[in-house]
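The values are calculated or read from the model by the stated rules, or taken from the named source; none is laboratory data. Model, not experiment: these values are computed from the prediction. Quick reminder, even Gly has a Cβ in these numbers, built from the backbone with ideal geometry, and neighbours come from all protein chains shown. With ligands, DNA and RNA removed, areas are computed over all heavy atoms of the protein, side chains included. Shrake-Rupley method; radii C 1.70, N 1.55, O 1.52, S 1.80 Å.
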Amino acid sequence: MSDVTKYELKLENIGQIAEAKLSFGDLTVLVGPQATGKSIALQLFKLIADTGQVFSELKRYGLDWSKNLPEFLDIYLGEGMRQLWRESQSTITWQNKKIDLVNLVGRQRRIKDETVFYIPAQRVLSLRDGWPRPFTDYAPGDPYAVREFSERLRLLLEQEFTATEGLFPQERRLKKELRELLAQAFFPAHDLHIARYRSQRRLVLQTGDSEEHLPFMVWSAGQREFVPLLLGFYWLMPPTKLPTRQKIKWVVIEELEMGLHPQAISVTMLMILELLWRGYRVCLSTHSPHVLDVVWALQKIKIHQADARLVLEIFGAKLTPSMQAVAEAALKKAMQVYFFDREGTAHDISQLDPGSSNELESGWGGISEFSGRIADVVSQAVAHGAAR
Amino acid sequence: MKFREAVLNTPALEDAYCAGLQAFKRADAEHITCTSPRDIAGSVDVDSVLCQAFPDKPRWDYAVGIKNDQTTDWTIWIEVHPASSTGDVNVVIAKLRWLKSWAADAAPDLLSLTREYVWVATGSVTFSQASPQRKKLASAGIKFVGNRYTIC
């Protein structure tokens, strides 16, 4: 059942954002053109939720901001990002309580457990030569989200996969139905393995029992993009009876669709439903109509109280008791969609009504607007041609 | 040619010409917005006029005239119809086919003024702007506008 607690974040006058009032659902999706503040909003959400853990990680790796907010923003969001914060204008409000960011970065924080697992858009950078880079391998001005994600993958592979072994498919990880769909979408001819090259372990693709390995750089773009995401899913779905990892409550995934074919996006969205079933709350940013197609379909199935099996039909997934449970759980979740416009305002377009007279909503924040315009132009061409 | 003249040249419709958007049934008119009433050259409730002669045919709803210049108007053909299932796409395409075949003989002047064929949806819409259904409509020459159409 959906947790009814509302989580509200309000950002004002921060970088491109003039005002973004976000009420997070079980699944929250942010859409909008490039550089409208979606990623900033999500990274600030992570900072507010995990302040103690972020500070402790940064200090562990020797990063010091001298209790100075601009210095901190350059470390946390990345070099040059200090300019986002405008003194006496920028505000962050979390759960109706104003956060004093200047004071926040100037104080010692009690270390708390991490609650937000952040998968950044630049995730492909986390694998170099087929192995995750450690936190310290990055430049001090690289965003924290990228460095932290990379380090998490490194720990996963070094602590939970200690041998040279098959990484995907693997029986202990993920439901069989999901493994089959992922294999079709991403690894139709190869399995993902950990192999040893001279003294270095690395991820490779391998066909059956063949000794021939395909190293990271010759993988398809989609495979290179997906493998860090897959490892992120492995981290979030431990091979134990516990459905979630440690104290993680939230999962943020930026641009889930990056480099993926629509069929692969579809399977990845099914993985999101698996995360929801496990009890995580998920926040996505996306430019993909397929992601919103899924949200829209889930809402329609829910409103019309249709059979949960229809959810599985969307993905071409097998109807099994465990997948039925995933589908039923998805229909109980609250979903929010926000559009970040060029003027800096975030609009709630959660209804995703294609018949809406509000073009922001019917065009899904510009994501399907172009297709709509194309259809209008073609209909004009056909109608005119016929009349002539 | 002007819209009114084209209607009067159509024996089946000549008595059905209405000024402005008065041909629209009240429920259907709620889906139409007009910010410049002066540019409306009249309207015809095609469906009501033809229902006796063609009771079993998939009839189109309305023809609306829009002023173009001093001597010519446009015809916009408007269908107000649910979009509650993807099957409605086929229904509306069938309506357009029938309209064209009927008008080719019975209303060639109105047909020659055609600017666009518009489907205005009643109720909730079940296909998105990027959907194959939307493309199918476009290929048939139908502009799908959702629940509201701003005519001019």
| message | Take the conditions open to solvent by 10 Å² or more (accessible area, probe 1.4 Å) and either farther than 28 Å from residue A:294 by Cβ or modelled with pLDDT under 95 (or both) and apply them to residue A:104. Does it pass? | response | yes
| Would a scan of the stretch B:45-61 turn up a residue that is within 18 Å of residue B:146 (Cβ to Cβ) and under 16 Å from the mean Cα position of the chain (by Cα)? | yes
| said: Looking only at the stretch A:170-193, how many residues end up being open to solvent by 30 Å² or more (accessible area, probe 1.4 Å), under 30 Å from residue A:115 (Cβ atoms) and touching a strand residue (DSSP E or B) at 6+ places or on another chain (Cβ under 9 Å)? | reply: 1
| query | Inside the stretch A:79-99, can you point out the residues that are open to solvent by less than 90 Å² (accessible area, probe 1.4 Å) and in a loop (DSSP other than H, G, I, E, B)? | reply | A:80, A:86, A:90, A:95
| task | Among the residues of the stretch A:34-54, count how many are closer than 12 Å to residue A:285 by Cα, modelled with pLDDT of 95 or more and either assigned to a helix (DSSP H, G or I) or open to solvent by 10 Å² or more (accessible area, probe 1.4 Å) (or both). | result | 6
| request: Among the residues of the stretch B:77-91, write down those that are under 14 Å from the mean Cα position of the chain (by Cα) and within 10 Å of chain A (Cβ to nearest Cβ). | output: B:77
| Would the stretch A:234-251 turn up any residue that is surrounded by 20 or more Cβ atoms within 10 Å (Cβ to Cβ) and of a type in the set (D, E, K, R)? | no
| field | Residues of the stretch A:308-318 classified as part of a helix (DSSP H, G or I) and either within 9 Å of residue A:331 (Cβ to Cβ) or open to solvent by 100 Å² or more (accessible area, probe 1.4 Å) (or both), total | value | 3
| Going by the conditions given, is residue B:109 more than 7 Å from every other protein chain (Cβ to nearest Cβ), among the acidic types (Asp, Glu), open to solvent by 50 Å² or more (accessible area, probe 1.4 Å) and farther than 23 Å from residue B:27 by Cα? | no
| Matching entry among B:94, B:138, B:121 (being farther than 23 Å from residue A:301 by Cα and either open to solvent by less than 10 Å² (accessible area, probe 1.4 Å) or at the interface with another protein chain (Cβ under 9 Å from one of its Cβ atoms) (or both)) | B:138
| request: Determine which member of the set A:294, A:326, A:311, A:282 is over 23 Å from residue A:244 (Cα atoms) and either β-branched (Val, Ile, Thr) or touching a Lys or Arg at 6+ places or on another chain (Cβ under 6 Å) (or both). | output: A:294
| request: With the condition kept exactly as written, say whether any residue in the stretch B:21-43 is surrounded by 14 or more Cβ atoms within 10 Å (Cβ to Cβ) and over 24 Å from residue B:144 (Cα atoms). | output: no
| So how many residues does the stretch A:194-233 have that are in a strand (DSSP E or B) and open to solvent by less than 40 Å² (accessible area, probe 1.4 Å)? | 7
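Would you confirm whether or not the stretch A:265-275 contains a residue that is of a type in the set (A, V, I, L, M, F, W, C) and either at pLDDT below 95 or touching an Asp or Glu at 6+ places or on another chain (Cβ under 8 Å) (or both)?
Yes.
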| said: Looking for something in a helix (DSSP H, G or I), open to solvent by less than 40 Å² (accessible area, probe 1.4 Å) and over 11 Å from residue B:129 (Cβ atoms) - is there at least one such residue anywhere in the stretch A:330-350? | reply: yes
| If you scan the stretch A:117-144, which residues turn out to be open to solvent by 10 Å² or more (accessible area, probe 1.4 Å) and small (Gly, Ala, Ser)? | A:121, A:139, A:141
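Would you check which residues across the stretch A:280-307 are part of a loop (DSSP other than H, G, I, E, B), in contact with a helix residue (DSSP H, G or I) (Cβ under 9 Å, 6 or more places away or on another chain) and surrounded by fewer than 20 Cβ atoms within 10 Å (Cβ to Cβ) and list them?
A:306, A:307
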| request: Determine the pairs where a residue that is facing chain B (nearest Cβ under 9 Å), located within the stretch A:287-304, has a partner that is of a type in the set (S, T, N, Q) with Cβ atoms under 6 Å apart, the partner being 6 or more residues away or on another chain. | output: A:289/A:368
| query | Within the stretch A:356-388, can you find the residues that are under 13 Å from residue B:130 (Cα atoms), at the interface with another protein chain (Cβ under 8 Å from one of its Cβ atoms) and either open to solvent by less than 20 Å² (accessible area, probe 1.4 Å) or not hydrophobic (A, V, I, L, M, F, W, C) (or both)? | reply | A:362, A:363, A:364, A:368, A:369, A:371, A:372, A:375, A:376
| request: Note down all Cβ pairs under 7 Å where the first residue falls in the stretch B:119-140 and is over 20 Å from residue B:61 (Cα atoms), the second is among the β-branched types (Val, Ile, Thr), and they're at least six residues apart or on different chains. | output: B:126/B:86; B:127/B:86; B:133/B:86; B:133/B:89; B:136/B:89; B:139/A:378; B:139/A:382
